[in-house]
Amino acid sequence: MRKRLLVVVICSAATVVFAAAGQFPPLNVKTGLWHMSKAIKWTELPPQMAAMMKAAPQTTTYNSCVTTKSLNTNPWANGSGDNCTWTVLNSTSTDMEVRGIGCDYGKNSGMTAEVHGQIHVLDSENGTGSMTVTLTGNGQTMHGLASYTGKWISASCPAQ
């Protein structure tokens with residue numbers, strides 16, 4: 001009985017330490033160069049912002065260099081130009097929930113951005129994602145929904 005109790009206590013302590021450290025399993029995708037496509041749709045825009053956003057491209061593409069380290073944050077953020085500070089809220093080998101703060105969205109207009117999203121791995125070479133974006137500032141709040149698709153291209157990334 002004492003041994004069983006000791007095992008339970010040790011396992012419980014390990015679980016608490018693991019959770020407290022914020023360690024989650026990384027996504028099970030290949031590292032290297034990924035080609036990304038991002039489409040964003042904005043809602044609740046004031047008229048002047050709606051005209052500006054309508055003129056901007058709704059779908060953009062970029063390449064992202066996925067590293068072993070980035071598999072523990074947001075692997076497809078590199079190259080997006082969003083420049084968020086990412087925190088993983090939950091993760092398995094196929095799904096990751098992330099939060100981004102301090103993003104460059106709206107920075108030039110005196111706004112701050114927060115992003116919350118899900119990444120889903122279809123297989124080691126393909127993934128999808130969706131992110132909600134909230135911009136606040138200047139007495140306004142705007143919302144966007146971004147959808148992503150990613151395709152692995154090669155094991156190496158070009159020199160930066």
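What follows draws every value from the coordinates through simple rules; no lab data is involved. Bear in mind the structure is a predicted one, so any value in this text is a computation, not a measurement. All Cβ positions, glycine included, derive from the backbone under ideal geometry; neighbour counts span all protein chains shown.
A few points about this structure:
- Of all residues in region 48-61, those being under 16 Å from Val133 (Cβ atoms) and in a helix (DSSP H, G or I) number 4.
- Condition check for Asp123: out of contact with any Phe, Trp or Tyr (no Cβ under 8 Å at 6 or more places or on another chain), under 20 Å from Leu45 (Cα atoms) and of a type outside the set (A, V, I, L, M): no
- Check on Leu45, over 13 Å from the mean Cα position of the chain (by Cα) and in a loop (DSSP other than H, G, I, E, B): yes
- Residue check, Ser147 at negative phi, among the hydroxyl-bearing types (Ser, Thr, Tyr) and surrounded by fewer than 15 Cβ atoms within 10 Å (Cβ to Cβ): no
- Region 119-139, subset crowded, with 16+ Cβ neighbours inside 10 Å and not hydrophobic (A, V, I, L, M, F, W, C), residue nearest to Ala77 (Cα to Cα): Gly129
- Restricting Leu89, Leu122, Leu135 to those that are under 23 Å from Met52 (Cα atoms), of a type in the set (A, V, I, L, M, F, W, C) and out of contact with any helix residue (DSSP H, G or I) (no Cβ under 7 Å at 6 or more places or on another chain) reduces the list to Leu135.
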